[in-house]
1. Any chance you could count how many residues in region 1-39 are small (Gly, Ala, Ser), within 21 Å of Asp58 (Cβ to Cβ) and free of Cβ contacts under 8 Å to residues at least 24 places away in the same chain?
2. Take region 1-21 and flag every residue that is over 14 Å from the mean Cα position of the chain (by Cα) and at pLDDT below 95.
3. Please enumerate the residues belonging to region 40-54 that are under 17 Å from Arg7 (Cβ atoms) and in contact (Cβ under 8 Å) with a residue 24 or more places away in the chain.
4. Could you give every pair whose Cβ atoms fall below 6 Å, whose first residue belongs to region 62-90 and is of a type in the set (S, T, N, Q), and whose second residue is in a helix (DSSP H, G or I), counting only separations of at least 6 or pairs across chains?
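The values are calculated or read from the model by the stated rules, or taken from the named source; none is laboratory data. Small disclaimer: the values here were computed from a predicted structure and weren't measured. A quick note on method: Cβ atoms are made from the backbone with ideal geometry, for glycine too, and the neighbour counts reach across all protein chains shown.
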Amino acid sequence: MPASVFRHRSRGKNYSFSLADGDWFYFAGIWRPATRNWPESYAILTTTANDDVAPFHDRQMAVLRREQRMEWLDLTRAAAEILQPLPPGSFRVSSHSDGRVQAAFAF
């Protein structure tokens, strides 16, 4: 799933996490098509929080850099190699004190 930011609420405050270099990224996920006995389903995978996210939570969504997306989709590298937390300093962290806000979608 492509994204440019993710948000987290910790100790009553809202935080946004975006890549420090301003690039967008993907969340690693899995998908299962519908069968007669099971509806179509998907999930975003999580991993251990990297050093930027760890002060706010012990887990985070598994973030893939754009150049990793095809390795994930094509299964050309082991999942354990790809689904590692990003290095320290990868995320820019912003705090928001204006309460919960849903971003507007440009349709």
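1. 1
2. Those that are over 14 Å from the mean Cα position of the chain (by Cα) and at pLDDT below 95: Arg9, Ser10, Arg11, Gly12, Lys13, Asn14.
3. Ile44, Ala49, Asn50, Asp52, Val53
4. Gln68/Ile82
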